[in-house]
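Step one of this worksheet: look at the structure below.
The values are calculated or read from the model by the stated rules, or taken from the named source; none is laboratory data. Quantities reported herein were computed from a predicted structural model and do not represent experimental measurements. Every residue, glycine among them, receives a Cβ derived from its backbone with ideal geometry; neighbour counts consider all protein chains shown. The area values use the complete protein model at the heavy-atom level, side chains included, leaving out ligands, DNA and RNA. Shrake-Rupley method; radii C 1.70, N 1.55, O 1.52, S 1.80 Å.
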Amino acid sequence: MLRLEDLSVRFGGLTAVNTVSLSVGSHEVVGLVGPNGAGKTTLFNAVSGLVKPSSGRILFDSVDMLRTPLHRRARMGIGRTFQVPQPMHELTVRENLIVAQRFGTGAVDARKIDEVLDFTNLTDKAERHAATELALTELKALEVAKALATNPKLLMLDEVLAGLETNGKRRFMGMLKELHEKFAVGILIIEHDIETISNLCHRVAVLNFGELIADGTPDEVFRDPEVMKSYTGASDA
Amino acid sequence: MYVSKTGLAVIAAAYVAVPLLLGSNNYVMSLIVAAMIIGGIALAWALLGNLGGMVSFGHSAFFGVGAYVSALLTMKAGMPIFAAMLLGGVGAVVASLVMLPVLRLKGPYFALAILAYAHIFKIIATEWSSVTGGSAGLASVPRFPELMGFDLSGKTGSYLIILTVLLAFVAAYRAIRASHYGIALRAMHDSEDATRVVGVNSTLLKALMLFVSAFMTGVVGAFNVHYINFLEPDYAFSGLWVTLPIVAAIFGGYRTILGPLVGAVTVYLVDQLIFKSLIPSGHQLVLGALLVAMIIFSPGGLMPLLRKDSRRKHAAA
Amino acid sequence: MSELILQALYSGVLQGGSYALIALGLALVFGTMKVINLAHGELVLLAAYMAYMVESKLGLSPLFAIPLALVLVCTCAVLVYFLVSLIRKDRELNSLILTYGIGIILTNAVLLIWSADVRSTSSAWFQDAVVVGPFYSMRSELLFFVVASVLMAGLWWWLSRSWYGRAVRAVSSNRDAAKLMGINPRTTEIVSFVVAGILASFAGVAIFSYGVIQPAFGHALTVKAFIITVLAGIGSIPGVMVGGLLLGIAEALTVTLASSALQELVGMALFLLVLFLMPNGLFGAKARRG
Amino acid sequence: MLEIANVRAGYGAINILWDLSISVPTGQLTTIIGPNGAGKTTLLRAIMGLVPLSQGSIRLNGQPLDGSSTWHMLERGVAMIPEGRMIFKDMTIEENLMLGAFPKAHRAASQANCDKAYAMFPRLHERRTQLAGTLSGGEAQMLAMARGLMSDPKLLIIDEPSLGLAPVVVNELFEILARLKEEGRTIVLVEQNTHKAVGVADQVYLMQSGKVVLSQPAAEVSLEALHELYFAR
Amino acid sequence: EELLVGAEIPLTGSLARVGSGMNEGISVAVEVFNKTNGKHTIKVITADDESAPAKAIAAVEKLAGQGVVAITGGYGSNNIGPASDAANKLGLPYITSGGVDDSLTERGIKTFFRINNTAGYRKAMVGLLADMKVKSASVIYSTKEATADLAKDVQKELTATGMTVGMHAFDPAITDFKPIINKIRLQDKSEVILMAGYENDYVGILRAAKVLKPDVKAMIGVWSLATPKMVADFPDLMPSVYGTALLPFPAEFKSADGKLFADAYKKLYNKEPDYLGQFGYVQSMILFEAIARAADKGTLKKGGVAEELAKTDRETLIGRVRFNDKGDNINFVHRMGQHQNGKIAIVWPSDAATGKMNFPGVPW
Ligand SMILES: Nc1ncnc2c1ncn2[C@@H]1O[C@H](COP(=O)(O)OP(=O)(O)OP(=O)(O)O)[C@@H](O)[C@H]1O
Ligand SMILES: Nc1ncnc2c1ncn2[C@@H]1O[C@H](COP(=O)(O)OP(=O)(O)OP(=O)(O)O)[C@@H](O)[C@H]1O
Ligand SMILES: [Mg+2]
Ligand SMILES: [Mg+2]
């Protein structure tokens, strides 16, 4: 469904993403891991259209995304969350979802919105104002809910589990699994916690200094000493 | 569209009671008409601010272009006034097309860029004298016609025209705000990226709001020129067409639909009827003080204040 | 022809210096609080009227008005700050209206006190020609250009090198975080307003000594200052200098090479052009990631 | 060193902290854990004076801390390391760090402390002149940490420092915390990584819905029992 | 019987200065009229139009509501136009000296009267240049309506007489005139500089000229220049500068009317009268007399005032006043004054001259 071919993103002299080739199938859950500053978020930004690739191609359902404007990518089925939550400030939680649904899918379906609210545990926060009345974790849930409301084929999640308590983390992971099955979406997820990734993902891609250094099943990847060195600093893990 | 009982009563009063009660007093009627002209621009300005998230310092650009287009069409092409007024609005939209590049600017950058356009339009109107009459302007712009024996160019006639125009604006504004576009527009404030990644074409939406606002302002400008029957660049593009409406909109509450109208009528009438008789030559000073007090004590404007007040009364009752 | 152009450049530079001085106070407050003080032009004008009073009533050189102007204008500036700081919601927009209201009050107060007459210095010393090679100017223009340059350089040094400058930028970037760093945002903001008042005082006396003042003049000053601030890019002092000079030179060249009626047109067109090509102004920070 | 007694605080009409008492002894690391939305961040902000108290008191070495302004905290030796979003986005990394040493007393040592910070997080040194707003999530978190140490604080208040950090950096981070404790600093740590937090802590508090529901020396804490409490919601 | 007259004038806004000047003249006219006309007394009600057309209309309507029989006042053609229109609809005569735009008298309004016009200013400027016998001139003019009109009229007439004329329009917002003066100095090389602007523009132009010292023989302006105020405020800038002036300064009033005016003005305002006051006085005096005549005939409420105004033929401070069928004063010709030793001498036309022209002469 999503295919990156030799994708590079440069900021001035810094190459944040360096000739990365990667694909995500339509029913796959793929983990994207790597040390801080490896270029994971930048890769998301390139796919969703917030930064311009310096070279390489992004194909979604075999359509070249280079000339596709940002807002149309959402309609085509690319949904994403932000690492630093970015709610639509002036709206309530529900209105956030209405906008996402109306403009991401072209139609409004109140039932589906209730479903998403319920799914992300936001039902009792639905009428709250997003900007000022939510805690960080609730904002993260809203990020996911917004992406879901656009009815995506590919969901890109940027550290949505970070900062969650153990219990909440488990719940959220259960939710993601369910989501994958129920809504049949492909998922590309950034996370630092190896356990979470192994638990969730069919495949793991590892970025280091912008380069793709491994791509395989969690077992394969997390056994790779090079990966583990860059990632945990311990070669024995 | 839903209109409440009080709303209907107010509309009926505006159409019937005001002309009957005040129609014979030319002075008060001309103050009311002038206030409604300001109110119309204030409404258009507030629409752009509230829905589009854009503060403009250059609405005089649309006002002036609308006025010139309508005046020239009636004078040189002999077009009927009401058609020309609509085309005045269209002319303002066309003028706003050249402003599209500034849509990607934010906050004060946008506000000032629009002001720059207003200046440029004014200079063009001054220099292009073969068409616009240059700085001497256009005198004897056609006045409103008679309709079924009723002279629309009189105070009452003009009042009814501008009232109808304003009601149409209010209806349009309400329709837009209630639609999904309205919510999406509100969403864009401060969170444009977030809104775009869920599929909102923010540039297009903002452009549409600019067009709507420009159209409304242009029509008001066209109305004004046929009402005053005189036009020159300094007047058509005067800064007053920006500052007074902004004051009115903020005063009434620019986040509400009726706020700008209520604000315009209140500010204008109170200023002219009360302050002016208190301090003849410095009454604007009081206006300034009022603004300052308003921002500090009720930043949401008059409308929320009134509503809060009536709610309190209800609660007490 | 070349003599014409040289003189135009020279005039433009001098004029630009005075534009920059007027704009600087506005830019400083804008950079600190994201507040556009629409009464800034009126503050400048107030200082100019102080100069008028000192000259016409005391018979002294307008330069002696500077201390008086400093006291009055800085007091007014701090007053504006206190009013602005009372705003709780939507500061960016509401402060616009608030300061606009203050501008109206000041303009009308000036009108009531000094009437609508046109005023300017009557001291010939200021207006005497200073001729350096092919360059002609009034003595006061040159004098205040030097004063403006010194003030700007000093301010720039202060803001970019001193701890206070860091504090200013920290407060405008993230108020709560700045508090955690031990910065009292209110002190910082007041100091900005006071410095803006100082700049306005000098600018006002300068205007009186080479130009003409009128009560309604303040608003035009604000608009010019505002344009330069935006041209410069938020909070950039070198930007204000370059923006002012650019505007001054562009205006003078238009008058010389085309028609003087187009001067304002070219100023505005230049402004739009810079914004189109550099949406964050000449020296504004790069567009940021969300 | 820090005594929090009977504190109530919240945002406007919403009260978050309910009669909360915590005591932080000198030279020890006290960790506060608890589910999301328990009010941990709110508590830390209340200590720093960013959230007003509606009841109770906070004392530092016997002197009242509440009522004194946030910007006096650094002078009194209290520094907060907030979550990574509270950086100065439009300033460079180096400028961010320097601001950590803003109070006059610390300015002299600022250059030396800056070098120490770079040694701790080499990544920041590489990016010295990059605008903080363009940093990656983890880099911003490192910056917040480094900046908090610029003033050599006696009491450190840290909010979820491991958030968004890669495992290798998390390990380093806890080493740093252990070292800071050895240096004799008093630390209040809020963390979701319970396992690691309890590992370095001397005393553990568990917060739920704005109240302390458990207080134990770290050595006695059984993680199982703790998690039991979590699930008991 | 007390007769009510409305005065619609800008007391605030951009025209406040000129408006208050006119207002002084109106008050003096009331004073003089009531003292000399034994039979009728006039009371003037003043309404500020805030220099804005919509408010000018409102002001006229307010005055009408208060029962005035005619309107005196108005400044700026864009305010006078709509205001006199409104007055016409209400059947009130409107007399002014505040707008020189020709379109005002081309509207075919029978109740509109004006005692001055562009032509009068043009004649004065062109006449002065003819006396000077110069071959070339540069015109610096504001793009505002009245000044631009005048400048173009003057240009037309001068080129018709074979003179070379350089035109330099400037935007009213401009403050630095050096580039313009420098163009004249190096390119036009004209013999005289004509200025059509307002006080602040004159000061700017003269200052720039004093710095650059173009090789010209005279600096000539129009209104607001040869005034006592300019003498007092800018002693260094004014020597030898020309401007339109009705009377010399210090004024020597020879006619009885003039003496009455000067005395009343001194009494009320304790300063020398300027041209604004003089125009305001003349327009109002003519109006008051017409009202008195109409009252005598009993046609006050039957359009008599306009009729009487149309019949005006009278020697005044500004010369003889007679209206054509458009309401324009056909006799209006301005005079030119020159600043000389802190005084103003009338130097054109020769039959009204009070002094010899100091030519060539510039302030530097
Ligand atoms: N606009 C920008 N200008 C300059 N450098 C940038 C910009 N945006 C990102 N970078 C740099 O690019 C690198 C990659 O950043 P990115 O946000 O993609 O990292 P990440 O893999 O998501 O890290 P983390 O796990 O810490 O969130 C970082 O070193 C960052 O500092
Ligand atoms: N500015 C605010 N206005 C209103 N309510 C707020 C605000 N900030 C936080 N809250 C509410 O206060 C409660 C406690 O929030 P707090 O951030 O202190 O929790 P926390 O324990 O730090 O949680 P986490 O583990 O998610 O960081 C939450 O329910 C949240 O919704
Ligand atoms: Mg990231
Ligand atoms: Mg927290």
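Residues to consider are A:SER48, A:SER55; find the one that is polar (S, T, N, Q) and away from ligand 3 (no atom under 16 Å from the Cβ). First the steps, then the outcome.
Numbers: A:SER48 fails: away from ligand 3 (no atom under 16 Å from the Cβ).
Checking each option against the conditions leaves just A:SER55.
For segment D:148-196, the set of residues classified as crowded, with 21+ Cβ neighbours inside 10 Å, away from chain A (no Cβ under 14 Å) and more than 12 Å from the chain's Cα centre (by Cα) consists of D:MET150, D:SER151, D:ARG185, listed by residue number. Those residues that are touching a residue at least 24 places away in the same chain (Cβ under 8 Å) and under 15 Å from D:THR30 (Cβ atoms), I need them from segment D:175-187; list them, please. If the condition is that a residue be touching a residue at least 24 places away in the same chain (Cβ under 8 Å) and under 15 Å from D:THR30 (Cβ atoms), then D:LEU177, D:LEU180, D:LYS181, D:GLY184, D:ARG185, D:THR186, D:ILE187 are the ones that fit.
I'm trying to understand the selection: among the residues of segment A:127-137, which are in contact with a Leu (Cβ under 7 Å, 6 or more places away or on another chain) and either outside any loop (DSSP other than H, G, I, E, B) or open to solvent by 30 Å² or more (accessible area, probe 1.4 Å) (or both)? If the condition is that a residue be in contact with a Leu (Cβ under 7 Å, 6 or more places away or on another chain) and either outside any loop (DSSP other than H, G, I, E, B) or open to solvent by 30 Å² or more (accessible area, probe 1.4 Å) (or both), then A:ARG128, A:THR137 are the ones that fit.
Residues in segment A:36-84 that are within 16 Å of ligand 1 (Cβ to nearest atom) and among the aliphatic types (A, V, I, L, M): A:ALA38, A:LEU43, A:ALA46, A:VAL47, A:LEU50, A:VAL51, A:ILE58, A:VAL84.
Selection of helices (runs of 4 or more DSSP H) fully inside segment A:145-237 by the criterion of at least 1 residues being at pLDDT 85 or above returns A:166-183, A:194-200, A:218-223.
Only helices (runs of 4 or more DSSP H) wholly contained in segment B:35-149 count here; list those with 1 or more residues that are closer than 24 Å to E:SER103 by Cβ and touching a His at 6+ places or on another chain (Cβ under 6 Å). Please lay out each step first, then the result.
Numbers: elements: B:60-76, B:81-97, B:107-127, B:129-132.
Once the helices (runs of 4 or more DSSP H) in segment B:35-149 are filtered for at least 1 residues that are closer than 24 Å to E:SER103 by Cβ and touching a His at 6+ places or on another chain (Cβ under 6 Å), what remains is B:81-97.
The residue list D:GLN28, D:GLN63 contains one member that is over 30 Å from A:THR166 (Cα atoms), open to solvent by 40 Å² or more (accessible area, probe 1.4 Å), more than 11 Å from every other protein chain (Cβ to nearest Cβ) and more than 16 Å from ligand 2 (Cβ to nearest atom), which is D:GLN63.
Answer with yes or no whether E:SER77 is among the polar types (S, T, N, Q) and open to solvent by 10 Å² or more (accessible area, probe 1.4 Å).
no
Somewhere in segment C:122-129, is a residue within 7 Å of chain B (Cβ to nearest Cβ) and over 21 Å from E:ALA232 (Cα atoms)? Within segment C:122-129 (the criterion being within 7 Å of chain B (Cβ to nearest Cβ) and over 21 Å from E:ALA232 (Cα atoms)), the answer is no, since none of the residues qualifies.
Going by the conditions given, is C:SER122 open to solvent by 20 Å² or more (accessible area, probe 1.4 Å) and among the polar types (S, T, N, Q)?
Values: open to solvent by 20 Å² or more (accessible area, probe 1.4 Å): yes; among the polar types (S, T, N, Q): yes.
Yes; evaluated as a whole, the condition is true for this residue.
Give the residues of segment C:189-220 that are more than 10 Å from every other protein chain (Cβ to nearest Cβ) and not small (Gly, Ala, Ser), sorted by residue number. Scanning segment C:189-220 gives C:GLU189, C:ILE190, C:VAL191, C:PHE193, C:VAL194, C:VAL195, C:ILE198, C:LEU199, C:PHE202, C:VAL205, C:PHE208.
Restricting attention to segment A:95-118 and to residues that are more than 10 Å from every other protein chain (Cβ to nearest Cβ) and in contact (Cβ under 8 Å) with a residue 12 or more places away in the chain, the residue that is most open to solvent (accessible area, probe 1.4 Å) turns out to be A:LYS112. Listed by first and then second residue, the pairs with beta-carbon distance under 6 Å, at least 6 apart or on different chains, first residue in segment D:38-60 and within 16 Å of ligand 3 (Cβ to nearest atom), second open to solvent by 10 Å² or more (accessible area, probe 1.4 Å) and acidic (Asp, Glu), form an empty list.
Only one of E:ILE109, E:ILE42, E:ILE80, E:ILE95 is part of a helix (DSSP H, G or I) and away from chain C (no Cβ under 14 Å). Can you tell me which? Walk me through how you get there before you give the answer.
Values: E:ILE109 fails: part of a helix (DSSP H, G or I); E:ILE42 fails: part of a helix (DSSP H, G or I); E:ILE95 fails: part of a helix (DSSP H, G or I).
On inspection, the qualifying residue turns out to be E:ILE80.
Table: residues versus (1) modelled with pLDDT of 90 or more; (2) open to solvent by 20 Å² or more (accessible area, probe 1.4 Å); (3) touching a helix residue (DSSP H, G or I) at 6+ places or on another chain (Cβ under 9 Å).
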{"residue": "B:LYS155", "(1), (2), (3)": "no, yes, yes"}
{"residue": "B:SER158", "(1), (2), (3)": "yes, no, yes"}
{"residue": "B:PHE169", "(1), (2), (3)": "yes, no, yes"}
{"residue": "B:ILE176", "(1), (2), (3)": "yes, yes, yes"}
{"residue": "B:GLY182", "(1), (2), (3)": "no, no, yes"}
{"residue": "B:MET188", "(1), (2), (3)": "no, no, yes"}
{"residue": "B:GLU192", "(1), (2), (3)": "no, yes, yes"}
{"residue": "B:SER202", "(1), (2), (3)": "no, no, yes"}
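Given the structure, is A:LYS182 more than 16 Å from ligand 1 (Cβ to nearest atom), of a type outside the set (Gly, Ala, Ser), touching an Asp or Glu at 6+ places or on another chain (Cβ under 7 Å) and open to solvent by 10 Å² or more (accessible area, probe 1.4 Å)? The answer is no for A:LYS182. Screening A:LEU66 against (1) within 21 Å of A:LEU179 (Cβ to Cβ); (2) more than 9 Å from every other protein chain (Cβ to nearest Cβ); (3) not charged (D, E, K, R) leaves a single unmet condition, (1). Residue-level check: of (1) within 17 Å of B:ALA84 (Cβ to Cβ); (2) open to solvent by 60 Å² or more (accessible area, probe 1.4 Å); (3) not polar (S, T, N, Q), B:MET148 misses just (1). Based on what the data block shows, is D:LEU165 within 28 Å of D:GLU95 (Cβ to Cβ) and touching a residue at least 40 places away in the same chain (Cβ under 8 Å)? Answer is no for this residue. Within segment D:73-122, restricting attention to residues that are acidic (Asp, Glu), away from ligand 4 (no atom under 16 Å from the Cβ) and more than 8 Å from chain C (Cβ to nearest Cβ), the residue that is most open to solvent (accessible area, probe 1.4 Å) is D:ASP115. Of all residues in segment C:39-95, exactly one satisfies the criterion of being open to solvent by less than 30 Å² (accessible area, probe 1.4 Å), at pLDDT below 90 and not in a helix (DSSP H, G or I), namely C:ILE87.
Count of segment E:176-206 residues, restricted to those that are in contact (Cβ under 8 Å) with a residue 24 or more places away in the chain and over 24 Å from the mean Cα position of the chain (by Cα), is 12. Among residues of segment B:120-170 being facing chain E (nearest Cβ under 10 Å), among the charged types (D, E, K, R) and over 20 Å from the mean Cα position of the chain (by Cα), the one that is nearest to B:ALA67 (Cα to Cα) is B:ARG143. Taken together, the criteria place B:ALA84 among residues that are more than 17 Å from the chain's Cα centre (by Cα), small (Gly, Ala, Ser) and open to solvent by less than 40 Å² (accessible area, probe 1.4 Å). Going residue by residue through segment E:232-249, is there one that turns out to be open to solvent by less than 10 Å² (accessible area, probe 1.4 Å) and in a helix (DSSP H, G or I)? No, because not a single residue in segment E:232-249 is open to solvent by less than 10 Å² (accessible area, probe 1.4 Å) and in a helix (DSSP H, G or I).
Of all strands (runs of 3 or more DSSP E) completely enclosed by segment D:118-231, which ones contain at least 3 residues that are over 29 Å from D:LEU65 (Cβ atoms) and among the polar types (S, T, N, Q)?
On the way: elements: D:155-159, D:186-190, D:203-208, D:211-217.
Strands (runs of 3 or more DSSP E) meeting the threshold: none at all.
Conditions (1) more than 14 Å from the chain's Cα centre (by Cα); (2) open to solvent by 20 Å² or more (accessible area, probe 1.4 Å), marked per residue:
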{"residue": "A:LEU2", "(1), (2)": "no, no"}
{"residue": "A:VAL9", "(1), (2)": "yes, no"}
{"residue": "A:ALA16", "(1), (2)": "yes, no"}
{"residue": "A:VAL24", "(1), (2)": "no, no"}
{"residue": "A:GLY49", "(1), (2)": "no, yes"}
{"residue": "A:PRO69", "(1), (2)": "yes, yes"}
{"residue": "A:ARG75", "(1), (2)": "yes, yes"}
